[in-house]
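Take a look at the structure below.
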Amino acid sequence: MKHDFSHCAGASQAGFSVKPIVVAMHAMFAGAMILSVLPISAVAAEQRSAATATAHTFNIPAGSLSSAIARFVAESGTYVSANGALTDGKNSQGVQGNLSAPDALGRLLAGTGLEAVVQANGSYVLRLAPIVASTLPTVTVTSAASSSGDLPKAFAGGQVAKASRMGVLGNVDIFEAPFSTQSFTEEFVQDQQSRRVADIISVDPSVRSAMAEYGDSETYIIRGFPLFVNQVGVNGLYGMTEGRRITPEFYERVDVLKGPASMLNGITPFGVVGGNINLTSKRAGDEPLTRVTGSYISDSQFGAHLDLARRFGEDKEWGVRLNVLRRDGDTPIERQDDHMKNGALAVDYRGDKLKASLDVAQQERLTNGYSANITYNPGFALPKPLNNEKNFVNDWEYIKTNAKYWMAKTEYEFDPALTAYANYGNSEGDEEYFYAGTQGRRFINSAGDFTARVGGFRGSYEVETYEIGLRGRMMLGNISNSYAVNYSDFDRKSYGATVHTTAQYTGNVYTTPNLPRPTVNYGVIPQNGDLQLSSVGLVNTFGFVDDKVLLTLGARHQNLYSGIFTAGTKTNAYDESKVTPAAALLVKLGNYSVYTNYSEGLAQGATAPGGTNNAGTLLPPSVTKQYEGGVKYNAGTFGATAAVFQISQPSTFTNAANFFVADGEQRNRGLELATFGEPLRGLRLLGGITLIDAKQTKTRNGINDGKDAIGVPKMNIVLNGEYDLLGIPGLTLTGRINSFSSAQADVDNTQSIPGWTTLDAGARYAMHVSGKAVTLRFNLINVADKSYWNSVSRSFITMGAPRTALLSATIDF
């Protein structure tokens with residue numbers, strides 16, 4: 001396939017065969033591309049001679065070679081074309097400064113084994129450079145993910161990676177993964193000015209944030225099912241994140257696997273069925289980094305972030321990376337301010353055979369007047385959304401967290417076909433929130449009246465976890481066999497106390513005065529949790545027909561133990577085990593990959609509530625089942641995916657005999673269409689559309705069979721776009737469309753929240769000042785300042801985000 005970086009039409013058509021799914025993808029995005037007025041006509045700028053000595057200002061970061069060449073064309077106006085087979089999988093060290101076009105292009109191609117040949121019209125064609133026998137260079141062979149410890153390379157456009165972490169399998173190329181996966185890069189996180197993980201992953205239309213930005217925690221909805229912040233992994237281990245909110249500035253990859261995958265990842269704390277999220281800690285690169293970012297968030301919140309990295313040793317085998325973040329000030333919401341102090345230190349060693357790393361982090365955060373969730377009684381239409389800038393919470397209601405962790409990992413490569421690893425993590429944290437109804441503020445009518453009760457919570461937790469494993473590859477005749485086996489162990493103890501200081505009172509969300517602050521006395525904090533999880537997993541991927549057909553089979557035996565406490569005393573315990581299998585098949589057909597899979601998710605069984613005939617009884621583990629099939633298309637500079645899925649999750653209810661049973665079911669069937677990469681020169685797209693039909697089945701006496709499940713919109717559309725203005729090198733326009741249909745709020749489908757659509761817009765400008773790379777970024781969230789209910793989940797609704805201005809300046813010294 002040939003990529004023509006000089007002409008938009010040529011770039012989109014080269015090597016393109018018209019297939020129904022690709023046609024559908026282009027049709028879907030055609031309207032969204034008019035997010036901004038894109039000056040496509042600038043592509044036809046007058047050709048410049050490559051032999052000219054005219055200097056241009058270049059600010060092309062290190063990254064994929066195809067993306068670097070596209071930036072070169074945009075910044076110099078010099079056309080370049082290349083066969084995609086030559087550029088795919090290659091990286092460029094980038095180029096900065098005032099240089100002629102030939103000099104800049106030469107630096108971009110340094111170390112790639114390619115050379116540029118000038119054409120009569122002044123354009124260039126790339127080809128393999130001839131090998132000179134007397135001066136053979138040292139050759140380093142790389143791949144999208146050569147081992148589990150290597151950071152996968154960026155895909156064209158730099159926003160996502162070519163591979164993502166898939167639990168016990170390690171890093172797997174996204175076009176060879178028989179599951180729906182995505183991996184977001186540090187570059188994308190920076191350009192989005194992300195304040196939380198939800199800002200990053202919500203660009204995927206199958207992933208939503210269920211909580212307000214300045215709420216008491218982060219919760220994600222994946223394919224219609226929840227995933228909580230303490231179920232997010234860090235470097236493959238659970239329990240390391242801060243228990244309420246995550247600092248994205250510590251991480252250089254955010255991996256998302258959609259659908260249950262207990263076989264791959266093991267059971268998460270408290271169970272999870274919709275998917276899996278893993279964060280990869282930042283590591284020092286080969287080049288020194290001293291990066292300072294100053295930021296502003298409306299209303300008056302200012303921040304500073306230092307990112308410092310160095311490598312040491314004869315072969316740069318030792319690396320150190322330090323990230324320090326401070327942010328303070330008022331948010332766009334009245335009676336609300338946010339404060340954070342976070343720091344992370346990463347040390348790593350990379351030898352020929354041995355790799356090791358140590359990560360230490362601490363996070364402190366205080367939010368006063370935090371955005372509270374609100375529950376509701378049945379029997380009336382839910383109130384209209386209040387102005388998103390208004391706050392029905394008192395300014396003395398707060399959430400305060402303090403968390404720290406340290407992690408150590410060692411990986412040893414016995415030979416290219418066998419690697420062993422061990423991973424250990426230890427974390428602890430404290431949390432406290434003081435509220436006037438966050439746990440009990442409840443709508444009682446459509447006019448916005450609510451009842452509430454003042455109280456507070458104070459608690460802490462301790463986590464110790466580890467995993468050990470082997471990954472290898474062997475040949476069984478003409479069949480390849482990539483295998484992995486690991487054992488994991490997780491222990492978490494928690495302590496907490498909830499107290500109430502006033503009787504129930506009444507208020508209204510539209511006219512809420514700031515009430516006087518009461519006092520809270522927590523007394524002795526008792527133990528309220530003892531969770532122990534362990535598992536052993538084995539998975540094999542067999543490759544047939546030169547690895548064009550990949551069959552993955554695996555299973556994991558998991559043990560679940562959870563103590564049940566009353567007033568600090570363990571009164572009962574849950575001790576169960578279960579085997580969760582998975583099977584997947586992927587077939588490569590040229591630029592297409594066709595796949596199907598079956599997987600299961602495992603969660604701790606529910607406890608029968610008081611008042612039932614079996615109160616206190618622990619139900620068996622809950623098993624969620626997924627069937628999925630899909631197609632992935634790799635055009636070299638952009639990718640497109642389509643998937644259909646069905647996920648069935650058991651539900652619980654109290655039957656006519658007053659027994660609490662696990663007989664109900666929520667069944668989500670969906671279609672996902674997504675795109676990513678750089679389909680046209682200077683144009684990057686990321687997002688898509690997800691259609692979900694979420695139904696209740698096997699309900700009590702069949703009364704709600706066929707009705708919609710709570711909180712799952714039927715249509716989700718998210719599209720993030722960026723366009724480099726060719727006439728102004730370094731300037732990029734950005735925008736995002738977010739659109740969700742209505743969602744049901746009760747099992748009878750008599751209450752709901754309306755659908756909503758918002759538009760985000762922005763720009764960034766990369767330049768050099770006194771020889772230093774400087775990037776200015778501006779993002780405006782919710783441009784029209786639309787008021788809306790963000791989501792309904794687990795019987796509460798959350799507010800949307802008001803219009804928010806984000807500004808930052810980043811300097812690389």
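The values are calculated or read from the model by the stated rules, or taken from the named source; none is laboratory data. In this text the structure is predicted, and so the values were computed from the model without any measurement. Glycine also receives a Cβ, built like all others from the backbone with ideal geometry; neighbour counts cover every protein chain displayed. Accessible surface areas use protein heavy atoms only, side chains included; no ligands, DNA or RNA. Shrake-Rupley method; radii C 1.70, N 1.55, O 1.52, S 1.80 Å.
Per-structure values
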quantity	calculated
Added length on full extension, which subtracts the Cα-Cα distance from 0.36 nm per residue, Ser741 to Phe380	127.9 nm
Stokes-Einstein D for the stretch 478-519, Kirkwood Rh over Cα pairs, 20 °C, 1.002 mPa s (µm²/s)	120 µm²/s
Selection from Phe490, Ser446, Gly605, by position along the positive dipole direction of the chain (Cβ)	Ser446
Cα-centre dipole for the stretch 624-696 with unit charges at Cβ (Lys and Arg positive, Asp and Glu negative), debye to 20	220 debye
Derived scalar couplings ³J(HN,Hα) [the stretch 242-253; Karplus, 6.51 cos²θ - 1.76 cosθ + 1.60; whole Hz; x for Gly, Pro]	4, x, 10, 9, 10, 8, x, 5, 7, 10, 10, 9
For the stretch 202-279, with +1 on Lys and Arg beta carbons and -1 on Asp and Glu, the positive-most of Asn230, Pro205, Val273 along the dipole	Val273
Contact order normalised by residue count of the stretch 366-467, Cα under 8 Å, 6+ apart, percent	31 percent
Calculated FRET efficiency for the pair Tyr627/Phe659, C-beta based, R₀ 41 Å, to 0.05	0.85
Cβ-based charge dipole, the stretch 710-789, positive-most Cα from Phe740, Asn779, Val718	Asn779
Heavy-atom surface of the chain, accessible at 1.4 Å and reported per residue (Å²)	39 Å²
Cross-link pairs Lys409/Lys578; Lys316/Lys355; Lys570/Lys625 - those with Cα-Cα distance over 21 Å	Lys409/Lys578; Lys570/Lys625
Inter-part distance where the stretch 593-644 and the stretch 538-558 are each reduced to a Cα centre, Å	20 Å
Separation of the Tyr522 and Ile703 label points, Cα + 7 Å toward Cβ, nm	4.0 nm
Projected label distance in nm at Ala573 and Asn540, using a 7 Å step from Cα toward the beta-carbon	3.6 nm
Net charge contributed by nearby residues that have their C-beta within less than 11 Å of Lys355 (K/R +1, D/E -1)	-2
Ala497 paired with Tyr510, simple spin-label distance in nm, labels 7 Å along Cα-to-beta-carbon	4.1 nm
Gained length - Glu287 relative to Leu354, 0.36 nm times residue gap less alpha-carbon distance	22.0 nm
Percentage relative contact order, the chain, counting C-alpha pairs under 8 Å, at least six apart	11 percent
Radius, Kirkwood style, for the stretch 621-765 when every pair of distinct Cα atoms is counted (Å)	18.1 Å
Förster radius 51 Å - calculated FRET efficiency between Phe414 and Phe778 (Cβ-Cβ, nearest 0.05)	0.50
The stretch 373-392 versus the stretch 278-356: alpha-carbon centroid distance in Å	38 Å
Whole-percent pair-distance distribution, where bins are 10 Å wide, for the alpha carbons of the chain	2, 13, 23, 27, 20, 10, 4, 1, 0
Between the stretch 671-688 and the stretch 180-211, the Cα center-to-center distance that results, in Å	15 Å
Carbon plus sulfur fraction of accessible area for the stretch 492-578, probe 1.4 Å, in percent	54 percent
Note, ³J(HN,Hα) from phi for the stretch 576-588, Karplus 6.51, -1.76, 1.60, rounded to Hz, x at Gly and Pro	9, 9, 7, 9, 10, x, 7, 9, 8, 9, 10, 10, 8
